[in-house]
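Asker: Submitted below is the structure of interest, expressed as structure tokens.
The values are calculated or read from the model by the stated rules, or taken from the named source; none is laboratory data. Computed from a predicted structure; not experimentally measured. Don't worry about glycine lacking a Cβ; one is built from the backbone with ideal geometry, like all the others, and counts go over all protein chains shown. Heads up: the accessible areas ignore ligands, DNA and RNA and are worked out on the full protein's heavy atoms, side chains in. Shrake-Rupley method; radii C 1.70, N 1.55, O 1.52, S 1.80 Å.
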Amino acid sequence: MVKICCIGAGYVGGPTMAVIALKCPSIEVVVVDISLSRISAWNSDQLPIYEPGLEDIVQQCKGKNLFFSTDVEKHVSEADIIFVSVNTPTKTRGLGAGKAADLTYWESAARMIANVSKSNKIVVEKSTVPVKTAEAIEKILTHNSKGINFQILSNPEFLAEGTAIQDLLSPDRVLVGGRETPDGKKAIQALKDVYSNWVPEDRILTTNLWSAELSKLAANAFLAQRISSVNAMSALCEATGADVSQVSHAVGKDTRIGPKFLNASVGFGGSCFQKDILNLVYICECNGLTEVANYWKQVIKVNDYQKNRFVNRVVSSMFNTVSGKKIAILGFAFKKDTGDTRETPAIDVCKGLLGDKARLSIYDPQVIEDQIQRELSMSKYDWDHPTHLQPMSPSTVKQVSVVWDAYEATRGAHGICILTEWDEFKTLDYQRIFENMQKPAFLFDGRNIVNVQKMREIGFIVYSIGKPLDPWLKDMPSVA
Ligand code: UDX
Ligand code: ADP
């Protein structure tokens, strides 16, 4: 029986291994992590991450061919194939601070693999930020190999949160990068054999190591660039009276462009886009490609601009001050159908409003108070470390309350900011909400999910990204 061990039981490792276990009953899959609380949660009925469809699969396979354990060394030493999916935070000090990936966790995982291995292994890089990681790991392993043959593969993950299970069950492509030596080719084939249990042959692409890694950075940079492009257009639409939804619909009809991923928003978030682009920028700079680096930097600048613009719209509409005013925040996750808050635009928007002394009442169907408080008090980049190694959260932010109902969040509020496109926000009783708010009542839709016309009929003053402006907002500055 082939044994797979995955180091890192997070958003990537957990769902990916669950699907491999489901589709390959003859393979034993063990997911290991240094975080006891994460592993305990995987072994309980309350999984540590929310992902539609995941619970079903875990329930079907757990205890049969899918196991979760903190005994990292035992399972690594027994495995034939080891996936590594540990944190790759952005460096906060030293060379490349603010951009380059910190490979501390990767390096310690690689050294541990070298120490405990007694048989040949295939080591698969499946981290979120590949930056010549495979090559670095190959060096650590081969210099400590004690005669063991280690083959390194890069197998970047393209799943998107909220649709992870669907993406894993029916991927657009699976990418396997490896060495072009006979042993390298054998390792590539071994991993292809795992995926070919359910992925059609023509969707499994093989490349060299660095091409696989760079493809992942490139794909995320292209996707983020699309959002920054449409968000840049949204600012122009507001200034000129066009409607960004109409513009992106028309643009997306061009088959060369396509309709997906063109929704203007308050900005993109998530653990990948910003980090991947920062790494791309760093790699370009290290290679002397200043113009290329600046090109990609602009994608992040526009994203920051979009978040600032949103905060400025809120403050300037409400008579240039939100001091002491209650503002309801609907949605804190970085997108719908996930409880993940890493790099969510809600952090910057909330911090911006708190900077202007607002009182925030936050509701998100999947995010608990502790997590919101941590996000609002943590320093930039601290989120990407194993939970037990993160700095303790300092005092909670007092002007923030977290509630479990949208009606509660909006009661007595001066304004509402919709920051995540949860389906339930589309069908709220906005008439009832309006009646329970201070007047004038403001609605700022950062995800374009409400019907602007209907909301205006109810009586709200409405701002919706990239839509023709309410007369109230026309002369208010949106850029600081
Ligand atoms: C992304 C990539 O899609 C995935 O392939 C990769 O493996 C990891 O990074 P993820 O971050 O989970 O996945 O979510 P994604 O659906 O890409 O959304 C990222 C951000 O962009 C979210 O904040 C989302 O709300 C925002 N977004 C997306 C928009 O603002 N507009 C859009 O049209 C699409
Ligand atoms: P991703 O989104 O890439 O899956 P996560 O942060 O959700 O990232 O998961 C990474 C996981 O890796 C965390 O649960 C962390 O505890 C774990 N981890 C980090 N370093 C090690 C290590 N050396 N051994 C085992 N697990 C590790």
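Asker: Output the number of residues of segment 2-26 satisfying the condition of being away from ligand 2 (no atom under 15 Å from the Cβ) and open to solvent by 10 Å² or more (accessible area, probe 1.4 Å).
Answerer: Result for segment 2-26: 6.
Asker: Find all pairs meeting these conditions: Cβ atoms under 8 angstrom apart; at least six residues apart or on different chains; first residue within segment 270-285 and among the aromatic types (Phe, Trp, Tyr); second residue part of a loop (DSSP other than H, G, I, E, B) and open to solvent by less than 10 Å² (accessible area, probe 1.4 Å).
Answerer: Tyr282/Ala100
Asker: Of Asn294, Asn308, which residue is more than 21 Å from Lys467 (Cα to Cα), open to solvent by 40 Å² or more (accessible area, probe 1.4 Å), assigned to a helix (DSSP H, G or I) and away from ligand 2 (no atom under 16 Å from the Cβ)?
Answerer: Asn294
Asker: Of the residues Ser248, Ser234, Ser211, which single one is away from ligand 2 (no atom under 16 Å from the Cβ), assigned to a helix (DSSP H, G or I), at negative phi and out of contact with any helix residue (DSSP H, G or I) (no Cβ under 6 Å at 6 or more places or on another chain)?
Answerer: Going through Ser248, Ser234, Ser211 in turn, the sole match is Ser211.
Asker: Continuing with this model, one more query. Could you check segment 51-73 and list, in sequence order, the residues that are surrounded by fewer than 18 Cβ atoms within 10 Å (Cβ to Cβ) and within 16 Å of ligand 1 (Cβ to nearest atom)? I'd like the intermediate steps shown before the answer.
Answerer: Going through segment 51-73, the residues surrounded by fewer than 18 Cβ atoms within 10 Å (Cβ to Cβ) turn out to be 52-53, 55-56, 59-60, 62-64, 69-71, 73.
Selection gives Pro52, Gly53.
Asker: How about segment 92-112: which of its residues are touching a residue at least 60 places away in the same chain (Cβ under 8 Å) and more than 9 Å from ligand 2 (Cβ to nearest atom)?
Answerer: Once the filter is applied, which keeps residues that are touching a residue at least 60 places away in the same chain (Cβ under 8 Å) and more than 9 Å from ligand 2 (Cβ to nearest atom), segment 92-112 yields Thr92, Gly96, Gly98, Lys99, Ala100, Ala101.
Asker: Checking the conditions here, which among Asp183, Asp172 is away from ligand 1 (no atom under 16 Å from the Cβ) and either open to solvent by 60 Å² or more (accessible area, probe 1.4 Å) or at positive phi (or both)?
Answerer: Exactly one of Asp183, Asp172 is away from ligand 1 (no atom under 16 Å from the Cβ) and either open to solvent by 60 Å² or more (accessible area, probe 1.4 Å) or at positive phi (or both), namely Asp183.
Asker: Which ones in segment 429-467 are closer than 25 Å to Gly269 by Cα and touching a residue at least 40 places away in the same chain (Cβ under 8 Å)?
Answerer: Selection gives Phe442, Phe444, Gly446, Arg447, Asn448, Tyr463, Ile465, Gly466, Lys467.
Asker: Which condition does Ala134 not pass, out of (1) surrounded by 16 or more Cβ atoms within 10 Å (Cβ to Cβ); (2) over 16 Å from Ile7 (Cβ atoms); (3) hydrophobic (A, V, I, L, M, F, W, C), if it passes all the others?
Answerer: Of (1) surrounded by 16 or more Cβ atoms within 10 Å (Cβ to Cβ); (2) over 16 Å from Ile7 (Cβ atoms); (3) hydrophobic (A, V, I, L, M, F, W, C), only one is false for Ala134: (2).
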